[in-house]
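What follows is a single structure, written as structure tokens, with notes after it.
The values are calculated or read from the model by the stated rules, or taken from the named source; none is laboratory data. None of the values given here were measured: they were computed from a predicted structure. Quick reminder, even Gly has a Cβ in these numbers, built from the backbone with ideal geometry, and neighbours come from all protein chains shown.
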Amino acid sequence: MINNLEIKKMETDDEIRGKAYVHWKAWHEAYPGMVSEEYLDKLTLEKCEKMAFTWRDNLIVAKDNGRVIGFVGFGDRGDEAPDTGEIFALYVLSEYYGKGVAQKLMDAGLKQLERYPQICLWVLKDNRRAIRFYEKCGFSSTGEEKISLNVGAAGIRMIMKKRTVKKVTHNETVV
């Protein structure tokens, strides 16, 4: 665990730049061999900064002693699936793997999506570490697969359906 971990809404330019660095670094740490080398070569820190300053909403960062070390992006599916929230991105620097940062970010993202009866995400099919983590969080594969020609890899869709609690007679609770 990290003593000075802070989970908060991304707000400042420094946090936006930190989010961009995590995005860039995480792709280069986690995805070699999973996505096309050409895509990784084109994914520069400058490109990630441009994206970060364009997409500022619905982002929560994890900070260790003021340094951004991870982030989660979340939102809704709009008209495509109005009853579904989505975790769009969850990245943590590799030096923080296994320290609870990803779980705290996931919890924060899920809290923002609590009004949705189901939550989905996409994960690279070959990213076994992430798939195990998402399964631990309650997600399961839908069997849906999508190939991204841009990235040169296949992704799978995972979903978390929330259980609803219904009251019945005699003070029983049915889930």
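Data for the structure
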{"quantity": "Count of residues meeting criterion [part of a loop (DSSP other than H, G, I, E, B) and either over 14 Å from the mean Cα position of the chain (by Cα) or among the hydroxyl-bearing types (Ser, Thr, Tyr) (or both)] in segment 122-137", "calculated": "2"}
{"quantity": "Residue pairs meeting the criteria (Cβ under 8 Å; at least 6 apart or on separate chains; first in contact (Cβ under 8 Å) with a residue 24 or more places away in the chain and closer than 16 Å to GLY33 by Cβ, in segment 148-160; second polar (S, T, N, Q) and surrounded by 14 or more Cβ atoms within 10 Å (Cβ to Cβ))", "calculated": "VAL151/SER36; GLY152/SER36; ALA153/SER36; ALA154/SER148; GLY155/SER148"}
{"quantity": "Qualifying positions in segment 128-154 - on the phi > 0 side of the Ramachandran plot and acidic (Asp, Glu)", "calculated": "none"}
{"quantity": "Residues being touching a Phe, Trp or Tyr at 6+ places or on another chain (Cβ under 8 Å), without any contact (Cβ under 8 Å) to a residue 40 or more places away in the chain and over 19 Å from ASP57 (Cβ atoms) - total across segment 104-128", "calculated": "1"}
{"quantity": "Out of TYR134, TYR91, sole residue that is at pLDDT 95 or above and in contact with a helix residue (DSSP H, G or I) (Cβ under 6 Å, 6 or more places away or on another chain)", "calculated": "TYR91"}
{"quantity": "Condition broken by LYS111, with the remaining ones in (1) surrounded by fewer than 16 Cβ atoms within 10 Å (Cβ to Cβ); (2) part of a strand (DSSP E or B) satisfied", "calculated": "(2)"}
{"quantity": "So LYS42, is it among the basic types (Lys, Arg) and free of Cβ contacts under 8 Å to residues at least 40 places away in the same chain", "calculated": "yes"}
{"quantity": "Residues within segment 63-86 that are small (Gly, Ala, Ser) and under 18 Å from TRP27 (Cα atoms), tallied", "calculated": "2"}
{"quantity": "1 or more residues of a type in the set (Val, Ile, Thr) and surrounded by fewer than 18 Cβ atoms within 10 Å (Cβ to Cβ): qualifying helices (runs of 4 or more DSSP H) within segment 1-100", "calculated": "45-54"}
{"quantity": "Selection status of ILE119, aliphatic (A, V, I, L, M), more than 24 Å from CYS48 (Cβ to Cβ), part of a strand (DSSP E or B) and at pLDDT 95 or above", "calculated": "yes"}
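Per-residue answers, yes or no, for (1) within 18 Å of LEU124 (Cα to Cα); (2) in contact with a Gly (Cβ under 7 Å, 6 or more places away or on another chain); (3) small (Gly, Ala, Ser):
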| residue | (1), (2), (3) |
| --- | --- |
| ALA52 | no, no, yes |
| ASN65 | no, no, no |
| PHE74 | yes, yes, no |
| ILE87 | yes, yes, no |
| TYR96 | no, yes, no |
